[in-house]
1. Within segment 52-68, identify whether any single residue is farther than 18 Å from residue 111 by Cα, surrounded by 12 or more Cβ atoms within 10 Å (Cβ to Cβ) and at pLDDT below 90, and answer yes or no.
2. Failed condition for residue 96, given (1) over 17 Å from residue 6 (Cα atoms); (2) in a strand (DSSP E or B), with all others met?
3. Across segment 73-111, what is the number of residues that are touching a helix residue (DSSP H, G or I) at 6+ places or on another chain (Cβ under 8 Å) and surrounded by fewer than 16 Cβ atoms within 10 Å (Cβ to Cβ)?
4. Yes or no: segment 103-112 includes at least one residue that is in contact with a strand residue (DSSP E or B) (Cβ under 8 Å, 6 or more places away or on another chain), part of a loop (DSSP other than H, G, I, E, B) and over 20 Å from residue 26 (Cα atoms).
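The values are calculated or read from the model by the stated rules, or taken from the named source; none is laboratory data. Model, not experiment: these values are computed from the prediction. We place every Cβ from the backbone using ideal geometry, glycine too, and count neighbours over all the protein chains shown.
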């Protein structure tokens, strides 16, 4: 298996710990998956890859509505175009801003901002 290839496995933890993890992810404007990956990565290794750099630079960053290229399905962040997914497979809402909650390769996962966050 290539070292950057993603894999999945079942992970069990107490509900109280899951709540803490969810709260931390929300506070950091990240997905639970991205938060857990960061925690595991930091505890096992010191990040040195360019992917770790992108995660540090992009996670929690606000993406304005004008940065989207709806025709090509791309978003421009810091001068570079990325593919994107909206959290929970929601459709892109034109005119809304988003927060980057995960960066895997050239794909960013975005969470729509609520009106109270705008």
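1. At the first step, the residues of segment 52-68 found to be farther than 18 Å from residue 111 by Cα are 52-53.
Filter again for surrounded by 12 or more Cβ atoms within 10 Å (Cβ to Cβ), leaving 52-53.
Filter once more, keeping what is at pLDDT below 90: 52-53.
Yes, some residue in segment 52-68 is farther than 18 Å from residue 111 by Cα, surrounded by 12 or more Cβ atoms within 10 Å (Cβ to Cβ) and at pLDDT below 90.
2. All conditions pass for residue 96, except number (2).
3. Qualifying residue count for the region: 5.
4. Within segment 103-112, the subset in contact with a strand residue (DSSP E or B) (Cβ under 8 Å, 6 or more places away or on another chain) is 103, 106-112.
Of the ones still in play, those that are also part of a loop (DSSP other than H, G, I, E, B) are 106.
Subsequent filtering for residues that are over 20 Å from residue 26 (Cα atoms) retains 106.
Yes, the conditions are met somewhere in segment 103-112.
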